[in-house]
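Here's the structure, in structure tokens; my notes come after.
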Amino acid sequence: MHMRTNRRAAGVTQEGGAADGNRRSRRAHRARSRKAALAAFALTGVLAATLSAGCAGDSGKAAVKLDPSNPTTITVWDYYNGAQQASFDSLVSEFNSTVGKEKGIYVKSKTQGSVPELEKAISNSAAGEVGAEEMPNVFSSYADTAYNVQRQGKLVDLTDYFTPDELSNYVPDYLNEGRFDGDDSLYLLPVAKSTEVTMLDETDWAPFAQATGATIDDLATQEGIAATAKRYYEYTDALTPDVPDDGKAFYGRDSLSNYFIIGMRQMGVDLLAPDASGKAQVNADKEKVRRLWDNYYIPYVSGYFDAVGKFRSDDVKTGDIICYTGSTASAAYFPDRVVDDNGTHEIGYRIIMPPTFEGGNAVAPQQGAGMAVAKSDEQHEYASCEFLKWFTEKQNNLHFAAMSSYLPVRTDANDIDELDSAIRDENLSVSPKTRDCIAMAMDSFDDVELYSLKSFDNAYAARKVLDHSLDDKATADKAAVQAAMAAGQSRTEALEPYVGDAAFEQWYASFCQQLQAAAEGTE
């Protein structure tokens, strides 16, 4: 399935409108078509599940009686920060004072600060490490962490507490991320999702585009971005003819593991393909990996790409780059102004679908943590699932999505008109960037394959290799190039050891060895 080029080029501007005047009607038509398809898929699933359950039409366990006068307390660990944490805490408070109070459930939430910190805390708790906190009843988790805990037999199969009819309300592909055993068992409930978009500082793009003829269409492919970044470096270098080799970087990206996984998928290869036993086969096709190298490493060491701060939105704010590809959830952090050595200036934004490789399929990552329930007793498991059902009700799901820059996970909420209604009806304070970013992602559903790796043993270690192998080398080699130039070498001389075939061959051999060892657990 290929992205339609004209829509990729259109993008969404700061004014919040699509460049194509017919965009909204097309979106509404696609939304109706997608809803119909999802409804048919869900109905099929409901009928099948109902038949397999002997037409019981209910979950495997009967409702557990709780005592409102003696509430059951459940603990929830998450990794949220900022607006996401504020939104989650607000909904928890609302639950505790309404439905929770009525049913006899009290939720205590705790943030672990970041995804790695949460994953470490969960892993330590599940393993019973000395000094580790007791496992929470509910925790945010990506599929690989939940998969590892489930392999230890410590997660609840959510189909014990969710009926087939209840599960039919969720986008099927999102649910499938939490199915680890190749059957109908479910261990991870989707609560909010994200994908990737490209965000552009439209203000600083404008003079460059006018001077060079660069267009938004040029940013539709990885190769186009690399070529545009080279032109931008040369353009900015020429602005100061008395200072050689001081061109500026154009582009950066937040997740190198996504670049590898999605880039290879766009070129028709599953880089990591798990088998039924939970082991992953590594498919590092050399020709295709070379394309990844050519369109990230080469531009990076050449000064056309950069990564300075923790996230690329930070680099836009400091003027180190003017364009990046990152999570839809990053839209809220895209700056309104640039603060650099030349002072401060306001900027506008443009949102574009993420690039594909030339000739490749339109594929984007399906990402975002879900919620898992730890095994304990029926009372706490039931209470945990009742909270999750409430938290993912349509209006609550829309509220959390809008306030946290995520995509809703329900079939009846995955429409921009529904999101706009929730924002308006609840008077939510949602930035135009966030709203437009979610709209762009929703608008692409019929044109893009949203892809996520199936869970497998050692997935976290494999992702670490993908995140760091090329990135660490690019960072170190760029510094070496700059040092060589500072010592008197020309730019061409300084780059020569890093941009030839030999440099790729050496890295490729090391990369394959590292990735294979990580996937096998022998690193």
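The values are calculated or read from the model by the stated rules, or taken from the named source; none is laboratory data. None of the values given here were measured: they were computed from a predicted structure. Ideal geometry is used to build each Cβ from the backbone, glycine not excepted, and the neighbour counts take in all protein chains shown. Note: areas computed on protein heavy atoms with side chains; ligands, DNA, RNA excluded. Shrake-Rupley method; radii C 1.70, N 1.55, O 1.52, S 1.80 Å.
Computed from backbone phi, the HN-Hα couplings of the stretch 301-307 come to 5, 7, x, 7, 10, 7, 8 Hz, rounded to whole numbers (Karplus: 6.51 cos²θ - 1.76 cosθ + 1.60, θ = phi - 60°; Gly and Pro given as x). Note on SER97 and SER185: the extension gain reaches 28.5 nm, defined as 0.36 nm multiplied by sequence separation minus the Cα-Cα distance.
A crude spin-label estimate for the pair ASP270 and VAL130, with each label 7 Å from Cα along the Cβ direction, gives 4.2 nm. Dividing the summed helix terms, -39500 (n - 2.57) for each DSSP H run of n ≥ 4, by the number of residues in the chain produces a 222 nm estimate of -14500 deg cm²/dmol to the nearest 500. Given the Cα atoms of the stretch 279-352, and with Rh set as the inverse mean 1/r over their pairs in the Kirkwood sense, what is Rg to Rh to two decimals? Using only Cα positions, Rg/Rh for the stretch 279-352 is 1.10.
Size estimate for the chain follows the Kirkwood approach: the inverse of mean 1/r over distinct Cα pairs works out to 24.5 Å. Taking the 1.4 Å solvent-accessible surface of the chain as the whole, the part contributed by carbon and sulfur is 49%. In the full protein context, the stretch 190-261 carries 34 Å² of accessible surface per residue, based on a 1.4 Å probe and ignoring ligands, DNA and RNA. Taking label positions 7 Å along the Cα-Cβ direction at both ASN342 and ASP89, the computed distance is 4.0 nm, reported to one decimal. Given a Förster distance of 41 Å, report the FRET efficiency between GLN395 and THR318 from their Cβ-Cβ distance, rounded to the nearest 0.05. The pair GLN395/THR318 has a calculated efficiency of 0.60. Classification of the stretch 252-410 by its C-alpha gyration tensor yields an oblate form. The axis ratio a/c (a ≥ b ≥ c) is 1.5 or more, and b/c is at least a/b. Dipole magnitude for the chain: about 920 debye, using +1 per Lys or Arg Cβ and -1 per Asp or Glu Cβ, origin at the Cα centre. The trypsin sites (Lys or Arg not before Pro) of the stretch 263-324 that meet both conditions, a loop assignment by DSSP and at most 10 other Cβ atoms within 10 Å of the site Cβ, are LYS310.
Once the Cα-Cα distance is subtracted from the 0.36 nm per residue extended length, the GLN513 to ASP377 segment shows a gain of 44.5 nm. Residue separation of VAL308 and SER421 scaled by 0.36 nm, minus their Cα-Cα distance, works out to 36.8 nm of gained length.
Run the dipole for the stretch 374-511 about the Cα centre, Lys and Arg Cβ at +1, Asp and Glu Cβ at -1, nothing else charged, and hand back the magnitude in debye, nearest 20.
Computed about the Cα centre, the dipole is about 500 debye.
Here the label points at ALA476 and ASP160, each 7 Å from Cα along the C-beta direction, are separated by 4.8 nm in the simple model.
With the convex hull drawn over the C-alpha atoms of the stretch 382-430, the volume per residue is 72 Å³.
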